[in-house]
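What follows is a short report on a single structure.
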Amino acid sequence: MNKSDSISVFQLILLSMTFIGLKTHVMLISPLIKTAGRDAWITVLLTCLLTLIWVPLLVYVNKKTKGEHLFQWMKKHMNKSFTNVVIFLTIAYLTIMEVVTLRETITWINIIFLQRTPLIILVLLFGFTCCLLAATSIRTISIVNVFLLFFIVILGFFVSFTNFQFKDYSLLQPVLENGYFPVIKSIVFQGSGMVELLLLFLQHKVPQPIRYKHLAVAAILLTGLTIGPLIGAITEFGPVEASKQRFPPYEEWGIASLGKFIEHIDFLSIYQWLSGTFIRISTFLFIMKELVPFQKGQKRFLLLVLVVITVCTLAPITDFAFSNLLFFTIIPATFWLFVAFSLFLVVIVFLFSHKTRRDKSGIF
């Protein structure tokens, strides 16, 4: 391991708060409220509990692979062709996530404050900036993230306390008015964010072993990042109105004010959203860069990915059609894909660790 390009477990947790938090804090609140209504907060808590049960599987894989590069370990113990297929599918998945993140961000920017700016300029400028950060190192990304995350958290608490005067917590009742089914059905949405805690793609950059308490803390923090604006949207706008909003967290900024004379401070949300998108896409690009077998052409590879992302982001599809594709196909597929992949890793690690133990003891 190159110690100059390594990060601590604490830095990894902070990184996960930003690049996963953007998804749980912004993208998932709308489908959660549409599906579970006023009981969406129960879904978030239930998903957290299920995540804490799932996390030991990740700890087991990290322990048995001894923090080695996950796919390098797979190449040593499995068929290289099969491992290359898994790498290709991982790169394809990360590309889709980058397209979704950039598309959502650019759509929001274009609607809110840059209506006349050509989308291609926004996509290229933002995408190229992310490529520049991804081309550096995970330590650089982590350092940038610490500075950005500090003010993201400050602004989050600010809008929460500022809007306290508009919150009516009686709107959270009656509990389970439509039964358990909507709550259970919407687990897939919150779960699609929590399963990204599969931080094993970066385990070779962390010198210390990843323990249960580390991932448990990350899961609890991500739950807090979701349940805060979620309850805020329900108590401020009501479950019916909140379910109609495209980006409920931004609408919460729309009613925030400083006293009686300073309003329209929703521009502060721009910093939150762009910072989260910047770190999320940069981290995904860095992981993709780590997956390719060559070193010299990594920058050209990132530029190629940027071209693909740009073309896909600017695809001529309406926002309504894209939202349906995201909520009913991409998000559920993400959840089941990560759950299946984590179980797959547990099985192969278990089998090959026992095989290695038998070989060392001379038992056949």
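The values are calculated or read from the model by the stated rules, or taken from the named source; none is laboratory data. None of the values given here were measured: they were computed from a predicted structure. For neighbour counting, all protein chains shown are included, and Cβ atoms are generated from backbone atoms with ideal geometry for every residue, glycine included. What goes into the accessible areas is simple: the full protein's heavy atoms, side chains included, and nothing from ligands, DNA or RNA. Shrake-Rupley method; radii C 1.70, N 1.55, O 1.52, S 1.80 Å.
The set of residues in segment 28-47 that are within 10 Å of VAL183 (Cβ to Cβ), touching a Lys or Arg at 6+ places or on another chain (Cβ under 8 Å) and open to solvent by less than 10 Å² (accessible area, probe 1.4 Å) contains only ALA36. A residue that is surrounded by 16 or more Cβ atoms within 10 Å (Cβ to Cβ), at pLDDT 90 or above and part of a helix (DSSP H, G or I) can be found somewhere in segment 198-214. Among the residues of segment 75-101, the ones that are farther than 19 Å from LYS23 by Cβ and under 13 Å from the mean Cα position of the chain (by Cα) come to 0 in all.
Against the condition touching a Ser or Thr at 6+ places or on another chain (Cβ under 9 Å), of a type in the set (Val, Ile, Thr) and more than 27 Å from PRO56 (Cβ to Cβ), how does ILE152 come out, does it pass? For ILE152, the condition - touching a Ser or Thr at 6+ places or on another chain (Cβ under 9 Å), of a type in the set (Val, Ile, Thr) and more than 27 Å from PRO56 (Cβ to Cβ) - is met.
Please tell me if ALA134 is buried (at least 16 other Cβ atoms within 10 Å of the Cβ) and not hydroxyl-bearing (Ser, Thr, Tyr). Spelling it out, ALA134 is indeed buried (at least 16 other Cβ atoms within 10 Å of the Cβ) and not hydroxyl-bearing (Ser, Thr, Tyr).
Taking only segment 137-150 into account, find how many residues are open to solvent by 30 Å² or more (accessible area, probe 1.4 Å) and modelled with pLDDT under 90. Before the answer, list the steps.
Here is the first cut: in segment 137-150, the ones open to solvent by 30 Å² or more (accessible area, probe 1.4 Å) are 139-140, 143-144, 146-148, 150.
Right, trim to modelled with pLDDT under 90 and you get none.
Matching residues across segment 137-150 total 0.
Picking from ILE187, ILE231, which residue would you name as being closer than 24 Å to ASP266 by Cα and modelled with pLDDT of 90 or more? It would help to see each step written out before you state the result.
Values: ILE187 fails: closer than 24 Å to ASP266 by Cα.
On inspection, the qualifying residue turns out to be ILE231.
Of all residues in segment 227-239, those that are at negative phi and open to solvent by less than 10 Å² (accessible area, probe 1.4 Å) have Cβ atoms under 6 Å from Cβ atoms of residues that are among the hydroxyl-bearing types (Ser, Thr, Tyr) and in a helix (DSSP H, G or I), 6 or more apart or on another chain, in THR235/TYR169.
Which of the residues that make up segment 117-127 are surrounded by 14 or more Cβ atoms within 10 Å (Cβ to Cβ) and farther than 18 Å from LEU22 by Cβ?
Applying the first criterion (surrounded by 14 or more Cβ atoms within 10 Å (Cβ to Cβ)) to segment 117-127 yields 119, 122-124, 126-127.
Result: LEU119, LEU124.
Residue check: PHE247 meets all listed conditions (1) of a type in the set (A, V, I, L, M, F, W, C); (2) modelled with pLDDT of 90 or more; (3) surrounded by 19 or more Cβ atoms within 10 Å (Cβ to Cβ); (4) farther than 27 Å from PHE344 by Cα but one, namely (2).
Here ALA40 meets the list (1) free of Cβ contacts under 8 Å to residues at least 24 places away in the same chain; (2) of a type in the set (A, V, I, L, M, F, W, C); (3) more than 25 Å from PHE201 (Cβ to Cβ) almost entirely, failing just condition (1).
The condition of being under 25 Å from the mean Cα position of the chain (by Cα), open to solvent by less than 20 Å² (accessible area, probe 1.4 Å) and not hydroxyl-bearing (Ser, Thr, Tyr) holds for only one of VAL153, VAL195, VAL217, VAL188, that being VAL195.
When restricted to residues that are open to solvent by 40 Å² or more (accessible area, probe 1.4 Å), of a type in the set (Val, Ile, Thr) and at pLDDT below 90, segment 86-116 contains 2. Given the condition under 30 Å from PHE338 (Cβ atoms) and either free of Cβ contacts under 8 Å to residues at least 12 places away in the same chain or part of a helix (DSSP H, G or I) (or both), answer yes or no: does some residue in segment 161-168 qualify? Within segment 161-168, none of the residues are under 30 Å from PHE338 (Cβ atoms) and either free of Cβ contacts under 8 Å to residues at least 12 places away in the same chain or part of a helix (DSSP H, G or I) (or both).
Among the residues of segment 243-277, what is the count of those that are within 29 Å of ALA321 (Cβ to Cβ) and within 22 Å of the chain's Cα centre (by Cα)? Before you say what the answer is, go through the steps one by one.
From segment 243-277, those within 29 Å of ALA321 (Cβ to Cβ) are 243-254, 266, 269-270, 272-277; that's our starting set.
Cutting the leftovers down to within 22 Å of the chain's Cα centre (by Cα) gives us 243, 245-253, 269-270, 272-277.
Qualifying residue count, segment 243-277: 18.
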